[in-house]
Amino acid sequence: MISIVKFLLRVLGFGLLAIAIVVGIADASRSIAESQIMFKPLGQLWFEMSPETLNLSQAVIQRYVHPIVWDPMLQTVLTWPAWAVFAGVGVLFLLMGARRQKRRFRYA
């Protein structure tokens, strides 16, 4: 059972890293076109993709979890570059799903 969860964490981690690479390439091409560094924040990307779910998640978190979780915490994360958030969470999932190293006994 644990191996299935670790496998799913690895797959999800690699998927998030792939999304981070795509978003990073889009940011890099936009930066080259504008001749200045431009990163798209996660909140802007989420709003462009699905504004309804952004508003719904805000309402659900503020009502059922706690308003503090949304206002200072998640709003801060939503202002970070999207590629950095996806890459960070992807690496975290890869670390959680990493296979254990088998111990090898060495005889001197």
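In table form, for the structure just shown:
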{"read-out": "Residue that is nearest to LEU78 (Cα to Cα), among those in segment 1-44 that are among the charged types (D, E, K, R) and part of a helix (DSSP H, G or I)", "value": "ASP27"}
{"read-out": "Those residues of segment 62-106 which are among the charged types (D, E, K, R) and free of Cβ contacts under 8 Å to residues at least 40 places away in the same chain, in sequence order", "value": "ARG63, ASP71, ARG100, LYS102, ARG103, ARG104, ARG106"}
{"read-out": "All positions within segment 1-37 that are of a type outside the set (Ser, Thr, Tyr), over 26 Å from LEU95 (Cα atoms) and surrounded by fewer than 14 Cβ atoms within 10 Å (Cβ to Cβ)", "value": "ILE32, ALA33, GLU34, GLN36, ILE37"}
{"read-out": "Only listed residue being outside the structural domain of MET1 (by TED's automatic domain parsing), without any contact (Cβ under 8 Å) to a residue 12 or more places away in the chain and among the small types (Gly, Ala, Ser), chosen from ALA28, ALA59", "value": "ALA59"}
{"read-out": "Segment 84-108, subset aromatic (Phe, Trp, Tyr) and assigned by TED's automatic domain parsing to the domain that holds ALA18, residue nearest to MET49 (Cα to Cα)", "value": "PHE86"}
{"read-out": "Filtered residue count, segment 1-47, keeping only those that are closer than 15 Å to TRP83 by Cα and over 13 Å from the mean Cα position of the chain (by Cα)", "value": "12"}
{"read-out": "Exclusive hit being at pLDDT 95 or above and closer than 30 Å to GLY97 by Cβ, set SER50, SER29, SER3", "value": "SER50"}
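The values are calculated or read from the model by the stated rules, or taken from the named source; none is laboratory data. All figures in this text were calculated on a predicted structure; none of them were measured in a lab. No Cβ is skipped: glycine too gets one built from the backbone with ideal geometry, and neighbour counts run over all protein chains shown.
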